[in-house]
Amino acid sequence: MARRILTLAAAGVLSIGLTATPAVAAKPVQHDEQIEYHRISSYRDWAQGTSQGAFAIPGLRTGVTMGVAAGTTDYTDPHTGVTAAYEYSTWTSPVHDIGFGATEAVASWNAVTPAGTFIKVELHGTYTNGEQTPWYTMGIWASGDGDIRRTSVDDQGDPYSTIWTDTFSIDDASRGVLLSDYQLRLTLYKKPGQVQRPRVWELGAMASNVPDRFTVPLSTGHIAWGKELAVPTYSQNIHSGEYPEYDGGGEAWCSPTSTQMVVSYYGYTPDTSWVNPAYADPQVDAAARGTYDSQYEGAGNWPFNTAYAASFVGLDAIVTRMHSLDEVETFIKHGIPVVVSLSFLASELDGSNYSTSGHLFVIVGFTATGDVVVNDPASSSDDVVRNVYKRDQLETVWQRTKRVRANGTVGSGSGGIAYLITPWWKPLPQVPGSSNW
């Protein structure tokens, strides 16, 4: 439960209908959410940006890295107090027109950061009233923690928006001021004179406008019914009390445990040489360390989780939103498990036997009748991580943005947040009416 679910502002401005993949012999289900993922990953994408001391790498596995540094600066780590000099270069994307007024945006990046290097990702945009945002820091990141502590940045905002850990959010959409476009900026850092330098091969952002809703239109399926992927099962609960410096395991580790299940499914194992040999599934401990956000004080930062997954050479990963379980079925059909973020009362998800204000687990398949097979890390042991949840119940608690808590007050839901992790050579499937992956 370590990941908070953000309150989504009310939508309705520039709203258009989107259509999910229809079931066999069924009418399309109409959706009122707007979701777009814009990715920067080709040589042409990188070449169109503006560089100061950075350059695009040609070839099949393209990206951007440092050339002759634009300058040198001191970076003081807010979590260790250590100040060190770094050379830096920057790359800034062209302005991207979202195509609708967005209420939220989440950036993603895939990078390698050798020892002595790190990156910063920023977002700058224009509101629908013509005013502009500040350059917001969306993350300061390194795959390791030997030089800096990876971190989000608190206390960022202006009269219209706020950064909540990893998410740009319009404060009050009813005022009519939404996000119409944005740019992303990378700053690449390395220690002076060091030969090794960071490289980023994917950068992007999910922008969305999802209306306030307690219920959602239910999908009809029949795309991957009867298909289940052989994703390893890891329990977060067996790690309770382990490594308090990374938030102590147990319910705090749902996100890294889910992420590691998918990473392991693709055959990758992190370095676990430092993990206490008495601990089971040491790869989960490594995932918690590799996703830990020192400002958030937890391992539930969404893009830190996907960046961790992509730190394994050969994997790409993004944070996005999805419209429905029909979309998930399309990914399962293509052999891609999907990590989803959701919140619910035990009474709203039969068989869960717990309530949560924010949780993640992995959808690994569908039964012959369309119910959802998940690897739920909130389990007492690895042997009981596999669960089957009712399709209509799971789709509701995942896709809604508002919910009623046990005490009668109104809480928030994720509105379809998902991690998509896949080998780089295996393109994400195109889903009609969905985000542009």
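Overview of values
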read-out	value
Segment 237-423, relative contact order in percent, only Cα pairs under 8 angstrom and at least six apart counted	23
GNM result for the chain, Cα springs below 10 Å: residue of Tyr419, Tyr234, Tyr182 fluctuating most strongly	Tyr182
Long-range HN-HN contacts of Ala205 with modeled amide H, under 5 Å	His38, Ser108
Gained length - Ala406 relative to Asp382, 0.36 nm times residue gap less alpha-carbon distance	5.7 nm
At R0 = 25 Å, FRET efficiency that the Cβ-Cβ distance of Glu245 and Thr76 yields, to 0.05	0.75
Unit charges on C-beta of K, R, D, E only; dipole of the chain, Debye	800
Convex hull projection area averaged over all views, the chain, Cα basis, nm²	20.2
Most fluctuating residue given options Leu345, Leu325, Leu179, as computed from a GNM of the chain linking Cα atoms under 10 Å	Leu345
Calculated Rg and Dmax of segment 237-423 using C-alpha coordinates, Å	15.8, 47
Neighbour-count order for Phe344, Phe312, Phe304, fewest beta carbons within 10 angstrom listed first	Phe312, Phe344, Phe304
Full-extension gain in nm, Ala115 to Val195, via 0.36 nm per residue minus C-alpha separation	27.7 nm
Dipole in debye (nearest 20) - segment 237-423, about Cα centre, beta carbon charges: Lys, Arg +1; Asp, Glu -1	520
Farthest positive-ward along the chain dipole, Cα basis, beta-carbon charges - from Phe304, Gly314, Gln156	Gly314
Max mean-square fluctuation residue, GNM over the chain, Cα-Cα springs under 10 Å, options Pro217, Pro159, Pro377	Pro159
The chain - percent relative contact order, Cα under 8 Å, separation 6 or more	21
FRET efficiency, Lys426 to Asp271 (Cβ-Cβ, R0 22 Å, nearest 0.05)	0.35
Furthest towards positive pole of dipole, Thr220, Asn407, Pro377, structure part the chain, Cβ charges	Thr220
In Hz, Karplus ³J(HN,Hα) per residue of segment 48-57 (6.51, -1.76, 1.60; θ = phi - 60°; x = Gly, Pro)	7, x, 9, 10, 10, x, 10, 8, 7, 9
Kyte-Doolittle at least 0.0, axis length at least 24 Å by Cα - qualifying DSSP helices, the chain	none
For the chain, calculated [θ]222 nm from helices alone, where every DSSP H run of n ≥ 4 adds -39500 (n - 2.57)	-3500 deg cm²/dmol
10 Å beta-carbon shell around Gln393, net charge (K/R +1, D/E -1)	-3
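Read-outs throughout are calculated quantities, based only on the coordinates presented, and are distinct from any laboratory measurement. Worth saying up front: this structure is predicted, and the values here are computed from it rather than measured. Positions of Cβ are generated from backbone atoms using ideal geometry, with glycine treated the same way; all protein chains shown enter the neighbour counts.
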